[in-house]
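Shown next, in structure tokens, is the structure this report addresses.
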Amino acid sequence: MSKQFDVLVIGGGPGGYIAAIRAAQLGFNTACIDEWKNATGGPAPGGTCTNVGCIPSKALLQSSEHFEHAGHHFADHGIGLSNLSIDVAKMLARKDQVVKQNNDGILYLFKKNKVSFFHGRGSFAAAKDGLYEVKVGDESLLAKHVIIATGSNARALPGAAFDEENILSNDGALRIGGVPKKLGVIGSGVIGLEMGSVWRRLGAEVTVLEAMPAFLSAVDEGVAKEAAKLFKKQGLKIELGVKISEVKSDKSGVTVSYADAKGAAQTLAVDKLIVSIGRVANTIGLNGEAVGLKLDERGAIVVDEECKTNLPNVWAVGDVVRGPMLAHKAEEEGVAVAERIAGQHGHVNFNTIPWVIYTSPEIAWVGQTEQQLKAEGRAYKAGQFPFMANGRARALGDTNGFVKMLADAKTDEILGVHIIGPFASELIAEAVVAMEFKASAEDIARICHAHPSLSESTKEAALAVDKRTLNF
Ligand code: FAD
Ligand code: NAI
């Protein structure tokens, strides 16, 4: 006997579980299928983000930052410590506990919102009479609307499959059992920098090999330059413009052969190698062929700007479709699709999606970079304020970096905000709100910001757009 739903969501990551909750809130009889298993084989909804992404990486970044502070910065505050050590097993157990709290939280939210949860792999079986049939284990589910949110997987280097022992994806990178003496990272993107930072802070000698000739090429050039300087000072070795030729792994570790930026042959011998060269959309096991679901040449599900696939009443959101692979983008799409199914006007503004890299200092931005504005030929004004001149940053002992604001030369509308510095991840929210409301730099400059707070730097950057900073 099949169970029938109004809305069936396949995938319980940030895109899927949020879509399911919103659909249920809107009065639909909703189910969500997710196949992720915890260590004992039980359900672990939350997807990549909760299990091997956003949440565990931030847990380890926090632990390793405490260790770094204790080792290098507590003394400045007059706090003495002897015999500082790191218990990696305990750090990983704490991280696992944080993940479990999030898994359990989602199961609770499903119950609270009356979303039926099915643990297993959802596969399309057929489309008939205006309904889609999806199998999960022995069960057959029918639904009028299907939202696909099956996420993404780490991309492997050709000839270097992940074994999660020596050659690590994000999964293995988050559970290295002890601090490696030497750690190699391929790709200086978001994962490479975050995971490289974790293990560097704990004592590993980290070398990052990056194919592109420029560091963080999607980031505002001024911020990327500052980040490169600070990461180098911290001891993170980053080699740009490399071409990897071979990766060999055996019991003693991993050897990477590559050509450096000048074309000279080089080798890097490490104990562990993290490969973080991007992610690929995941439709494994979905059996989209059964219903004629269209994929693009990269394997992503083809959708229009409203997340509609080529099939009537089948939608797709998050990492499995075009656009940035970010949890909050997946969530926004999930909400918008549920609202569109309800006949509402769900909306996602791609121009105001914030990005954050949780290194130290943190890097966060929204909107356009200075190089993008130049390429577009748009007349703009730039204002920048250093945390060095901010009282709260001085009190924190964290004065690296700055806030940079870009505004239209004529209208003063904010076009982009780029932050490198303490709590950039939190500070960026003000810029997102400002841009969503089409604020001008002067609007921010005239708003009262608490003193002493890091957010005063955003106000000062806005004042700097008009060349009238008060504290610099
Ligand atoms: P996913 O989270 O991948 O969820 C998909 C779910 O669907 C999974 O549970 C999967 O098991 C399930 N599934 C797949 N196929 C089926 C099927 N056929 N049947 C049933 N279930 C299925 N983003 C941020 O915004 N901030 C961060 O700080 C951040 N940190 C990250 C750190 C790392 C190390 C990584 C790898 C990623 C990070 N991301 C971060 C990206 C973020 O994790 C993804 O953008 C986000 O998880 C995408 O959500 P999703 O719902 O589209 O897919
Ligand atoms: P990425 O796209 O951020 O970076 C990949 C890097 O690898 C790029 O710099 C690229 O030039 C480089 N590269 C590609 N092929 C290479 C090769 N053969 N040799 C050397 N370098 C090569 O991808 P990453 O770091 O794997 O992360 C995947 C995605 O996960 C991110 O794009 C982001 O969407 C998401 N994520 C988000 C986080 C956040 O929001 N804080 C944290 C971690 C991941």
Here is a list: Asn282, Asn287. Which entry is within 16 Å of ligand 2 (Cβ to nearest atom) and either polar (S, T, N, Q) or on the phi < 0 side of the Ramachandran plot (or both)?
Asn282
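If you take the residues of the stretch 435-448 that are hydrophobic (A, V, I, L, M, F, W, C) and farther than 14 Å from Ala364 by Cβ, which of them is surrounded by the fewest Cβ atoms within 10 Å (Cβ to Cβ)?
Across the stretch 435-448, the extreme among qualifying residues is Cys448.
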Matching residues in the stretch 181-194 - criterion: being surrounded by fewer than 21 Cβ atoms within 10 Å (Cβ to Cβ) and in a loop (DSSP other than H, G, I, E, B):
Lys181, Gly189
Scan (1) of a type in the set (S, T, N, Q); (2) away from ligand 2 (no atom under 16 Å from the Cβ); (3) closer than 29 Å to Trp315 by Cα for the single condition Thr150 breaks and write down its number.
(2)
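Ile284 - would you say it is under 27 Å from Ile176 (Cβ atoms) and part of a loop (DSSP other than H, G, I, E, B)? Spell out how you get there, then give the answer.
Working: under 27 Å from Ile176 (Cβ atoms): yes; part of a loop (DSSP other than H, G, I, E, B): yes.
When the stated conditions are applied, Ile284 passes them.
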Take the stretch 13-45 and flag every residue that is of a type outside the set (A, V, I, L, M), in contact with a Phe, Trp or Tyr (Cβ under 7 Å, 6 or more places away or on another chain) and either assigned to a helix (DSSP H, G or I) or near ligand 1 (Cβ under 8 Å from one of its atoms) (or both).
Pro45
Check whether at least one residue in the stretch 165-179 is of a type in the set (D, E, K, R) and either modelled with pLDDT under 95 or away from ligand 1 (no atom under 16 Å from the Cβ) (or both), and report yes or no.
yes
Select, from Val190, Val219, the only residue that is of a type in the set (Val, Ile, Thr) and near ligand 2 (Cβ under 10 Å from one of its atoms).
Val190
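Considering only the stretch 262-290, state which residues are among the hydrophobic types (A, V, I, L, M, F, W, C), under 20 Å from Ser188 (Cβ atoms) and within 16 Å of ligand 1 (Cβ to nearest atom). Talk me through it step by step, then tell me what you get.
Step one: filter the stretch 262-290 for residues among the hydrophobic types (A, V, I, L, M, F, W, C), giving 264-265, 268-270, 273-275, 277, 280-281, 284, 286, 290.
Next, from what is left, pick out any that are under 20 Å from Ser188 (Cβ atoms): 264, 268-270, 273-275, 277, 280.
Matches in the stretch 262-290: Leu273, Ile274, Val275, Ile277, Val280.
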Within the stretch 21-50, how many residues are surrounded by 24 or more Cβ atoms within 10 Å (Cβ to Cβ) and either among the aromatic types (Phe, Trp, Tyr) or over 22 Å from Asp6 (Cβ atoms) (or both)?
6
Would you call Ala300 assigned by TED's automatic domain parsing to the domain that holds Ser123, hydrophobic (A, V, I, L, M, F, W, C) and more than 16 Å from ligand 2 (Cβ to nearest atom)?
no
Pairs returned, first residue in the stretch 46-64 that is within 16 Å of Gly13 (Cβ to Cβ) and outside any helix (DSSP H, G or I), second residue that is more than 9 Å from ligand 1 (Cβ to nearest atom) and of a type in the set (A, V, I, L, M), beta-carbon separation under 8 angstrom, 6 or more apart or interchain, are Gly46/Val99; Gly46/Ile106
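The values are calculated or read from the model by the stated rules, or taken from the named source; none is laboratory data. Here the structure is a predicted model, which means the values were calculated and not measured. Virtual Cβ from ideal backbone geometry, glycine too; neighbours counted across all protein chains shown.
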